[in-house]
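**Q** Submitted below is the structure of interest, expressed as structure tokens.
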Amino acid sequence: MSMWKSFGKGNCQTRRYWQVLLIIFLFNLVVALLLTFPFWNILGESVGYSLAGKEIASELNMKYLTDFFINEQPSLTASYPMPLLLGVGIIYLLLNTFFAGGAIGLFHREERFTLESFFRESGRWFWRFLRLLLISLVFIAVIFLINSLWKGIAGSALEESAHEPLIFWMKIIRYAGIGFFLLFINMVFDYAKITAVVSDERRMIRTALRSFGFVFSHPGRTMGLYYMVAIVGAILLALYLSVSYWVLPATIIVLTLIWQQLYSVARVWVRLLFFSSQMALYKTIVPAKR
Amino acid sequence: MFKKSCALMLFILLLIPVSLAVAQPLSQRVVYYQISVRLDTDQKMLYGNEVVSFLNSSENPLPELYLHLYWNAFRNDKSYYIQKSPGVGRRLKRLDGWGWVDIKSFRILDGPDLMEQLEIDNTVLKVTLPEPLQPQQTIKLSIEFENKIPKGAVRAGYIRDNYFFSQWFPKMAVYLDGEWKAFQYHPHCEFFADFGVYDVEMTLPVDFVVGSSGMPVEERDNRDGTKTLHFHGEDIHDFTWTADPDYGIARDRYQDTEIILLYQPHHADQVNRHLHAVKAALEYFHHWIAPFPFPRITVVDPPYGGVSGGMEYPMLITAGTSWAIDKLIPGVLMPELVTIHEFGHEYWYGIVANNEFEEAWLDEGITSYSEIKIIEATYGPALKWNGMKMFDRVASRLSYLTTPRRDPIYTKSWEFYDGTSYSGMVYAKAALVLLTLENLLGEETMNRIMRTYYERYKFTHPKTEDFIAVVNEVTGRDMSWYFDQVIYGTGAVDYAIASLSSKEDEEEEGVYLSKVRVERLGEVVIPVQILVSFDNGEQERELWDGKKRWKEFTYRKNARLLSAEVDPQHKIWLDKDFINNSRTMEYQSRGVNRLAAKLLFWWQSVLHVLASFS
Ligand SMILES: [Zn+2]
């Protein structure tokens, strides 16, 4: 099966399991709402009964935004303490790891969706996925370590250079490099999760290393498929931004809100599309042992 | 013969008043410097000989004289400057960029050697004279100095082939009000010097392009790979120059002023932005205050990674931009803001030359006020990005609000709590004090104040009380109540609508009894306007002197109250919170929800990114 076919298969599966998409989307929305709520409150108390509030409805006046963020800084920092944000972040990451198990498990078994089957699969793969998450964090840390080393070396090499554009492009290349390797790690660990499920692997370090091997032995197809999905994601982002800037009237909040949520759904869809299409590709290349 | 000599006499007599008029100096010339200096680019050294004449313009005999040796701030990590700014010390250490001034000889010209009489304490040199310098007497000192050029210091030094020489020569301190204003160089401090004349000859490699204070007089090729340039400056109080073989040169003109831009080759596409900004500033000042009195202004675009950007010197300013910002965010007025600000200093520092050590607001605050006026009149918002607009005055307000009340504006530069408080006060709050004053008095009166202040104090050293006296004189009223609070005090300015109510009269249908309570939350008292709006379109304007902490206004009308706003035109830019200035009867859910929706989506996006790691 080619990249295109894997993409098509993935798309079919993602649509078939729309309930999975809905769960992940709603979870994102609920957590974001909880995080927004204190801000909403503070904002309401500050500008709610003021002409500033009236003006902000049509134009984001920097004068008022400055005043709001500076004068409300104590209540904002009290409402968003660092430990809380960190805690929410970790729980969110863990629960998404849990949901990833459900999604990949269902995509693999092609079982009918029920809440029971989804959560069963989620629970079944959670510990393995969690270990993969921790291993991937090691790789991400290595990327940032290399980045800072490179920054130091390039920095002292270029310190005497007056070539501003060169320095600028070196920086851009460095950022692009970080981006590329982060995406690469992301892709390898997608395959690690897929391998864990499809081959029922239990030793996660080995699975992760094998996934590197898998990607390195099929670089064209794996990366081709990954970037195909990534480009779909980029197109959706461009569409979202264009419509928000040029089409949507800023004053009709309901429309903005709906459009934002549609885009949020699209982002979850892209994430699931990565899983499902990569699984389709994996299964084409590696004969299944069921 | 007789006839001929008579005619000659007549001619001379006629000429005298003309030449006197032409030669009439703009300033009292207290100092006259003749300096010859050689730049050694291999050793990164400056070798200089200086003859400085100093006129004792005070009424006291001076037993000793003080001079500044600014580059000693970068001599080692024990200097006062580095103690206060360890970051600069770490940079100098990393680059091995320490720099200094060494006095090799010091004598009275054609007189005794004074080397034994010198007391050098880091950046301040004190010399005890054989006999006190009497009032109206002039002394000529002959000084030989050797400077190691710093690298990675502040405002002066070299990077690659770019050299920037500010505060580079032994410079006379100012004797004012019975004391020497000879303070150690502190990271917050700028400079203060007497007006005078400078004749500077610099010898350097032939391929260097030079920009300088003063006007070029002569250039000779020494036929040994070096050239000597002679610059002459009159009625200036400092002398700064720069040299770099790679400077691009662009020239322009506004009326009688020649504009020279020395730019970095990679910024060639921003030449017009710089020139446009200087011309806009020259034109604005020409009409607003007075024509620029000097024949030339040199604008220096500093090198990448350099330390000389964003500074003012007589007849020479340094700007600052970057190759990338122009491409990434063209909506940011990066070279314009700094160019216009520094040009403003040509008036408020270069000509009206207050003591920058002790009353920095007079130059920084007035210049920031001028910058805001010129930027807004010429370009509108200072930043346009992503549908958002940021006006220069809002940026100042942001800086002021971060530390609004740690120090009064009137504080000696080195006595501020920290750099943020220093800049928040002397730049930002001071600019807002003047914008608020303009709004209270009207633009026309304010313009008269600024013009009078300039005319009266050009080429002298005014003080804060002089500025206030001009305000009082021009307005014909005592405005001390304002300055006492906002320049000398640290009180907060904050007016608010505390509460609103509007109830239908129980006895008369359609008639509403409305109440508006205004409150002064800060200590500062400024009379304010209040605008009260009703649902039939009617508006009531009230005046409140703000002396008590609160006041209530009541209305009986055939209309329901809609909103009330104190200072509805936002005249008082010092008010720390414009949001509480108004109150509406209805909850403004649309504005609140719009912002909340933005934040909701922002959180959603952050969470999506986080999820991609799982
Ligand atoms: Zn300034």
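**Q** Give the calculated FRET efficiency between residue A:286 and residue A:58 to the nearest 0.05, with a Förster radius of 51 Å applied to their Cβ-Cβ distance.
**A** E between residue A:286 and residue A:58, to the nearest 0.05, is 0.35.
**Q** Shifting gears a bit: Taking the Cα centre of segment B:247-346 as origin, sum charge times position over the Cβ atoms of Lys and Arg (+1) and Asp and Glu (-1), and report the length of that vector in debye to the nearest 20.
**A** 140
**Q** Which whole-Hz couplings ³J(HN,Hα) result when phi for each residue of segment A:138-143 is put into the Karplus expression 6.51 cos²θ - 1.76 cosθ + 1.60, θ = phi - 60°, listed in order with x for Gly and Pro?
**A** Working through the residues one at a time gives 4, 5, 5, 4, 4, 4 Hz.
**Q** Taking θ as phi - 60°, what are the ³J(HN,Hα) couplings along segment B:586-603 by the Karplus curve (6.51, -1.76, 1.60), each to the nearest whole Hz, with x for Gly and Pro?
**A** Ordered by residue, 3J(HN,Hα) equals 8, 6, 8, 5, 5, x, 4, 5, 4, 5, 4, 5, 4, 5, 4, 5, 4, 4 Hz.
**Q** Another question about this same structure. So for the protein assembly as shown, taking the charge dipole from beta-carbon charges (+1 Lys/Arg, -1 Asp/Glu), which of B:394, B:608, B:153 sits furthest toward the positive end?
**A** Checked the options; the winner is B:608.
**Q** Normalising by the residue count of chain B, find the relative contact order in percent from Cα pairs under 8 Å and 6+ residues apart.
**A** Averaging sequence separation for qualifying contacts and normalising by length gives 9 percent for chain B.
**Q** Just how large is the dipole of chain B about the Cα centre, in debye to the nearest 20, putting +1 at every Lys and Arg Cβ and -1 at every Asp and Glu Cβ?
**A** In debye, rounded to 20, chain B gives about 1020.
**Q** Show the residues, 5+ positions off or on another chain, whose built amide H is closer than 5 Å to the amide H of residue B:546.
**A** It is B:528, by chain and number.
**Q** Classify segment B:492-614: rounded, prolate or oblate, from the alpha-carbon gyration tensor (a ≥ b ≥ c, eigenvalue square roots; a/c under 1.5 rounded; otherwise prolate if a/b is larger than b/c)?
**A** Oblate, since a/c reaches 1.5 and b/c is not below a/b.
**Q** Would you work out which of B:414, B:170, B:424 lies farthest towards the positive end of the dipole of the protein assembly as shown, given +1 charges on the beta-carbon of Lys and Arg and -1 on that of Asp and Glu, about the Cα centre?
**A** Farthest along the dipole direction, towards plus: B:424.
**Q** Now, a different point. Have a look at A:266, A:37, A:123 and report the one farthest towards the positive end of the charge dipole of chain A, computed about the Cα centre with Cβ charges (Lys/Arg +1, Asp/Glu -1).
**A** Result: A:123.
**Q** Magnitude of the Cβ-charge dipole of the protein assembly as shown, K/R +1 and D/E -1, about the Cα centre, nearest 20 debye?
**A** So the dipole magnitude of the protein assembly as shown works out to roughly 5760 debye.
**Q** Each residue of segment B:106-114 in order: what ³J(HN,Hα) in whole Hz does its phi give by Karplus 6.51 cos²θ - 1.76 cosθ + 1.60, θ = phi - 60°, with x for Gly and Pro?
**A** 8, 8, 7, 4, 6, x, x, 6, 10
**Q** I want the antiparallel fraction of DSSP beta bridges within the protein assembly as shown, as a percent rounded to 5.
**A** The antiparallel proportion sits near 85 percent.
**Q** Based on the alpha-carbon gyration tensor of segment A:1-147 and its eigenvalue square roots a ≥ b ≥ c, which shape applies: rounded if a/c is under 1.5, prolate if not and a/b is larger than b/c, or oblate?
**A** Prolate is the answer for segment A:1-147, as a/c is 1.5 or above and a/b outweighs b/c.
**Q** Cα centroid distance between segment B:109-156 and segment B:410-458, in Å?
**A** That distance is 35 Å.
**Q** What is the Cα centroid distance between segment A:89-133 and segment B:199-232, reported in whole angstrom?
**A** 76
**Q** What FRET efficiency, computed as 1/(1 + (r/R0)^6) with R0 = 22 Å and r the Cβ-Cβ distance, is obtained for residue A:140 and residue A:82, rounded to the nearest 0.05?
**A** 0.60
**Q** Using modelled backbone amide H atoms (1.01 Å from N, in-plane), which distant-in-sequence or interchain residues come within less than 5 Å of residue B:226's amide H?
**A** Hits under the 5 Å cutoff: B:206.
**Q** Please give the FRET efficiency for residue A:73 paired with residue A:183, using the beta carbon to beta carbon distance and R0 = 41 Å, rounded to the nearest 0.05.
**A** So, using R0 = 41 Å, E works out to roughly 0.70.
**Q** For residue B:246, what residues show an amide H to amide H distance below 5 Å, using hydrogens built from the backbone and excluding near sequence neighbours?
**A** B:209
**Q** Which length gain, in nm to one decimal place, applies between residue A:257 and residue A:115 when the Cα-Cα distance is subtracted from 0.36 nm times their residue separation?
**A** Full extension of this stretch gives 48.3 nm more.
**Q** When a/c reaches 1.5 or more, the comparison of a/b and b/c decides; with that in mind, is segment A:224-271 rounded, prolate or oblate per its Cα gyration tensor?
**A** Verdict is oblate for segment A:224-271.
**Q** If you don't mind, another one. For every other residue with a beta carbon closer than 11 angstrom to the beta carbon of residue B:263, add +1 if it is Lys or Arg and -1 if Asp or Glu, then tell me the sum.
**A** Net charge in that neighbourhood comes out at -3.
Read-outs throughout are calculated quantities, based only on the coordinates presented, and are distinct from any laboratory measurement. This one's a predicted model, so the numbers in the text were calculated from it and none came from an experiment. When we count neighbours, we look across all protein chains shown, and the Cβ atoms used for this are built from the backbone with ideal geometry, even at glycine.
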